[in-house]
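Taking it in order: structure first as structure tokens, then the write-up.
Bear in mind that the values in this text are calculations on the coordinates, not laboratory data. Keep in mind it's a predicted model, so treat the numbers as computed, not measured. Backbone-built Cβ (ideal geometry, glycine too); neighbour counts: all protein chains shown.
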Amino acid sequence: MDKKLIVANWKMLPNTLAEAQEILELVNDYLESIGEKKEFSLVFCPPFVFLEGVGRILKNSHLAHGSFLGAQDIAIDDGGALTGEVSGPMLRKLGVEYVIIGHSERRWKLAESDEMINKKLKSALRNELIPIVCIGEKSRDSSFKEFLEQQIETTFKDLSSDEIGKCIIAYEPVWAISTNPGAKPDTSANALESISIIREHLNLKFKIKNLKFLYGGSVNSQNISDFIKEKEINGVLVGGASVNKEEFVRVLRHIT
Ligand code: PEP
């Protein structure tokens, strides 16, 4: 069985590198305690300002094996005049290997357009970073299938099958993200249905079959087993629960 991939999206937290270190130390202690029995790989996606520090901590601990550095965003261009942005080559130099693209908070709270997301995806691929592409409906109403299909087409516009094959798809229904009003985790049955819709549409439009899928949306220690037990779900994207160090270790305990 392939190892499950656990992606920790810290969003705009924690406030200091010292707090980030505390999370990593607790995870490190846990990994040390389970030794070879680890059934998962980890990707930590801290805010840009902590990438270098977190990368250093990962390298100098037990986390060096099977833990990777991820960014939460990437600039559309590789250099030049783009105030406030961080480029793919800069991320590469910091040891970043994964990048989250099209997170719903960027799509909806920061009005990131489909065109921008498509450019960022191309930027990640150009820089040989593994894109974790977030796809998800805003509400599970009668048109959610069409919504997902439309989002897939704009997100992956003009990409080759080979390029899309390098992506990991995170199915993240927006209504299930823990910070949204009334959020609750999706059921694994719904998540599987959506993943199958996404898979079929990617296959229909771009002839892609073997993609890896994550589920994201209010994953915590109470519900992770529901998702991780499914063979079609290759891992999870964890937001809120990944910056609560005790809870994050509890989440990991359910995978080993
Ligand atoms: C996320 O930020 O991608 C996410 C899934 O958040 P949460 O786990 O807090 O719902």
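Lys/Arg Cβ at +1, Asp/Glu Cβ at -1, dipole of the stretch 4-253 taken about the Cα centre: which of 16, 45, 160 is farthest positive-ward? Of the candidates, 160 comes out farthest on the positive side.
Taking a straight Cα-Cα cut-off under 18 Å and skipping sequence neighbours fewer than 8 places away in the same chain, the lysines within cross-link reach of residue 207 are 157, 166. Net charge of the neighbourhood of residue 60, taken over other residues with C-beta under 14 Å away and scored Lys/Arg +1, Asp/Glu -1, is -1.
Taking a quarter of the surface of the Cα convex hull of the chain gives a mean projected area of 12.9 nm².
Normalised size of the stretch 132-256, defined as Cα radius of gyration per 2.2 N^0.38 Å with N residues, equals 1.06. Rounded to the nearest Hz, the phi-derived 3J(HN,Hα) couplings of the stretch 53-59 under the Karplus curve 6.51 cos²θ - 1.76 cosθ + 1.60 (θ = phi - 60°) are x, 5, x, 5, 5, 4, 5, where x marks glycine and proline. Here the gap between residue 92 and residue 187, fully extended at 0.36 nm per residue and compared with their Cα-Cα distance, gives a gain of 30.6 nm. Here's how it looks for residue 5: its modeled amide H is under 5 Å from those of 41, 235, 236, which are all 5 or more places away or on a different chain.
Pulled fully out, how much extra length does the chain show between residue 210 and residue 116, if you take 0.36 nm times their separation in residues and subtract their Cα-Cα distance?
Values: separation 94, 0.36 × 94 = 33.84 nm, distance 2.58 nm.
So the extension gain works out to 31.3 nm.
Could you grab the relative contact order for the chain? Cα pairs under 8 Å, six or more apart, rounded to a whole percent. It rounds to 20 percent for the chain.
Electrostatic bookkeeping for residue 157 treats Lys and Arg as +1 and Asp and Glu as -1; over the other residues with beta carbon under 9 Å from its beta carbon, the sum is -4.
Name all residues of the stretch 121-140 having a backbone nitrogen under 12 Å from the label point set 7 Å from the Cα of residue 166 along its Cα→Cβ direction, giving them as ranges. Flagged as within label range: 121-132. If you take the Cα centroid of the stretch 20-58 and the Cα centroid of the stretch 1-16, the two points sit 9 Å apart. Per-residue Karplus couplings for the stretch 21-26, computed as 6.51 cos²θ - 1.76 cosθ + 1.60 with θ equal to phi - 60°, are listed in order as 4, 4, 4, 5, 5, 5 Hz, Gly and Pro entered as x.
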